[in-house]
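The values are calculated or read from the model by the stated rules, or taken from the named source; none is laboratory data. No experiment lies behind these values; they were computed from the predicted model shown. Don't worry about glycine lacking a Cβ; one is built from the backbone with ideal geometry, like all the others, and counts go over all protein chains shown. Side chains are part of the model used for accessible areas, which takes the heavy atoms of the whole protein and leaves out ligands, DNA and RNA. Shrake-Rupley method; radii C 1.70, N 1.55, O 1.52, S 1.80 Å.
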2 protein chains.
Amino acid sequence: MFSAKRAVVPPNPLQKRIAIIGAGRVGGALAGGWVKARHSVTLGARDPHSDKVKALLHTLGAALATTIPKAVAQSEVVALATPWDGARTAIEAAGDLAGKLLIDCTNPVGAGGLALGHTTSGAEQVAQWAPGARVVKAFNTIGFEVMADTHFANGKPALFLCGDDGEARQAVAGLAADLGFEPVDCGPLRMARCLEPMAVLWISLARTGMGRQFAWALLRR
Amino acid sequence: MFSAKRAVVPPNPLQKRIAIIGAGRVGGALAGGWVKARHSVTLGARDPHSDKVKALLHTLGAALATTIPKAVAQSEVVALATPWDGARTAIEAAGDLAGKLLIDCTNPVGAGGLALGHTTSGAEQVAQWAPGARVVKAFNTIGFEVMADTHFANGKPALFLCGDDGEARQAVAGLAADLGFEPVDCGPLRMARCLEPMAVLWISLARTGMGRQFAWALLRR
């Protein structure tokens, strides 16, 4: 009868029980967003009473913290948000994950880039085949339709490029701008290890429903 | 005196002599754009008199075609726009490339993805460590600042995700939308081989001048 002053928060009909492993910045950001979206969030931590976890709980307001296995046991979704070198230990601590939805937010990033699976690139191979050439990787991350017509209603498409010669990169940036792209200088040629997978992703998305009239862009603020 | 009817095209002060190797769709798109931007474009082809090359020249209007070594010799910029399996032959045909700006537009794409350098991913490793879990790779391609605040003036940031369980991917897409992202379903878990390099690229761009307040987006038309 006298509930007018109580904040009435409508329940989220799609509410999920989510365990977040890792109380760092990624885990904190995800927890904050999902608490706001009225999911039930539990932090799973090696030490749920640590100052770090307490501080995060304080910020979040509506979340709990417990041990990793307890957080996992009571949740249907588990977000793995540890550093890569803590990922395996965290998974082993989690107990039985069978049937759980496990969101892997980690990246196998070592000192020199990806620690796993990325050891060279086509561009580096091309540079070996063309001794002395100033090789710049570019115009490989989108389909020809985008190169032929860079106009999109909602922004400029990005053109990622990389190479070991700064002047050559600048020249290619100019050639990309000539076509209407926003050039994005990604640094040395080995960054082609990142640009070539973007091509594979573009092709895969194009083939699986998105069609070929789309492009990458950067949002900034 | 009587030049009023002649089209006066102002010269491009940054005009470059560009050889394009490969008369396919990428080469054609780049040639078209660079001709419009008033660069001097020469197509380098194994057979410069082929119907394909003639048709492209006809479309372009202001471009020439010749053999690959001749096109390269007279150009300061060389765009390699062949299929990957023709790249090496084309480079060998090109002659001396020392000092040339060589734009590598190719992708080492084989039947099952990248032919070079990409053999596994952290996500696939995580799936091995967590038998039975429905692993979805997500929230790894942008920094925590973007996860904490997805608002950008000029569009929604994209959240790329992949996994082998379609229902699990849908659930994560919902969780991404809850945070204000545009979820982009990238298909099976092995696509993490493309998403993890995007993380490396994000980190690298953030560190080399772009700062951490940027995100990926998709443009569509």
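Within segment B:126-159, the set of residues being of a type in the set (Lys, Arg), farther than 14 Å from B:Phe214 by Cβ and touching a residue at least 40 places away in the same chain (Cβ under 8 Å) comprises just one member, B:Lys137. Every residue in segment B:185-202 that is out of contact with any Lys or Arg (no Cβ under 7 Å at 6 or more places or on another chain) and more than 7 Å from every other protein chain (Cβ to nearest Cβ), please. Within segment B:185-202, B:Pro188, B:Arg190, B:Trp202 meet the criteria. Scanning for something facing another protein chain (nearest Cβ under 7 Å), open to solvent by less than 30 Å² (accessible area, probe 1.4 Å), within 19 Å of the chain's Cα centre (by Cα) and in contact (Cβ under 8 Å) with a residue 40 or more places away in the chain, does segment A:100-113 turn up at least one residue? Checked against the condition, which is being facing another protein chain (nearest Cβ under 7 Å), open to solvent by less than 30 Å² (accessible area, probe 1.4 Å), within 19 Å of the chain's Cα centre (by Cα) and in contact (Cβ under 8 Å) with a residue 40 or more places away in the chain, segment A:100-113 yields at least one hit. Among the residues of segment A:163-181, none qualifies, meaning not one is in contact with a Cys (Cβ under 6 Å, 6 or more places away or on another chain), facing another protein chain (nearest Cβ under 7 Å) and closer than 22 Å to B:Gly28 by Cα.
Matching residues to (1) more than 20 Å from B:His49 (Cα to Cα); (2) open to solvent by 10 Å² or more (accessible area, probe 1.4 Å); (3) not in a helix (DSSP H, G or I):
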site	(1), (2), (3)
B:Pro69	no, yes, no
B:Gly86	no, yes, no
B:Thr89	no, yes, no
B:Glu92	yes, yes, no
B:Val126	yes, no, no
B:Gly132	yes, yes, yes
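Taken together, the residues in segment A:94-114 that are closer than 22 Å to B:Arg193 by Cα, touching a helix residue (DSSP H, G or I) at 6+ places or on another chain (Cβ under 6 Å) and part of a loop (DSSP other than H, G, I, E, B) amount to 4. If you check B:Gly209, B:Gly174 for being in a helix (DSSP H, G or I), more than 21 Å from A:Leu161 (Cβ to Cβ) and modelled with pLDDT under 95, only one passes: B:Gly174.
The set of residues in segment A:78-96 being at pLDDT below 90 and facing chain B (nearest Cβ under 7 Å) consists of A:Trp84 alone.
When A:Val35 is tested against the conditions (1) farther than 17 Å from B:Ala138 by Cα; (2) away from every other protein chain (no Cβ under 11 Å); (3) open to solvent by less than 30 Å² (accessible area, probe 1.4 Å); (4) touching a residue at least 24 places away in the same chain (Cβ under 8 Å), the lone failure is (2). Does B:Gly187 fit the bill of being on the phi > 0 side of the Ramachandran plot and in a helix (DSSP H, G or I)? When the stated conditions are applied, B:Gly187 does not pass them.
Can you find, within segment A:10-32, the residue that is surrounded by the fewest Cβ atoms within 10 Å (Cβ to Cβ) among those that are farther than 17 Å from B:Leu179 by Cα and of a type in the set (A, V, I, L, M, F, W, C)? Among residues in segment A:10-32 that are farther than 17 Å from B:Leu179 by Cα and of a type in the set (A, V, I, L, M, F, W, C), the one surrounded by the fewest Cβ atoms within 10 Å (Cβ to Cβ) is A:Ala23. The residue of segment A:142-161 that is farthest from the other protein chains (Cβ to nearest Cβ), among those that are at pLDDT 95 or above and within 24 Å of B:Val200 (Cα to Cα), is A:Leu159. Please specify each residue of segment B:47-66 satisfying the condition of being assigned to a loop (DSSP other than H, G, I, E, B) and loosely packed, with under 15 Cβ neighbours inside 10 Å. If the condition is that a residue be assigned to a loop (DSSP other than H, G, I, E, B) and loosely packed, with under 15 Cβ neighbours inside 10 Å, then B:Asp47, B:His49, B:Ser50, B:Gly61, B:Ala62 are the ones that fit. The set of residues in segment A:204-214 that are more than 7 Å from chain B (Cβ to nearest Cβ) and on the phi < 0 side of the Ramachandran plot comprises A:Ala206, A:Arg207, A:Met210, A:Arg212. Here B:Ala217 fulfils each of the conditions (1) buried (at least 19 other Cβ atoms within 10 Å of the Cβ); (2) under 23 Å from A:Gly155 (Cβ atoms); (3) more than 7 Å from every other protein chain (Cβ to nearest Cβ) apart from (3). With the structure loaded, tell me whether A:Thr82 is in contact (Cβ under 8 Å) with a residue 24 or more places away in the chain and either open to solvent by less than 40 Å² (accessible area, probe 1.4 Å) or hydroxyl-bearing (Ser, Thr, Tyr) (or both) or whether it fails that test. Against the criterion (in contact (Cβ under 8 Å) with a residue 24 or more places away in the chain and either open to solvent by less than 40 Å² (accessible area, probe 1.4 Å) or hydroxyl-bearing (Ser, Thr, Tyr) (or both)), A:Thr82 qualifies.
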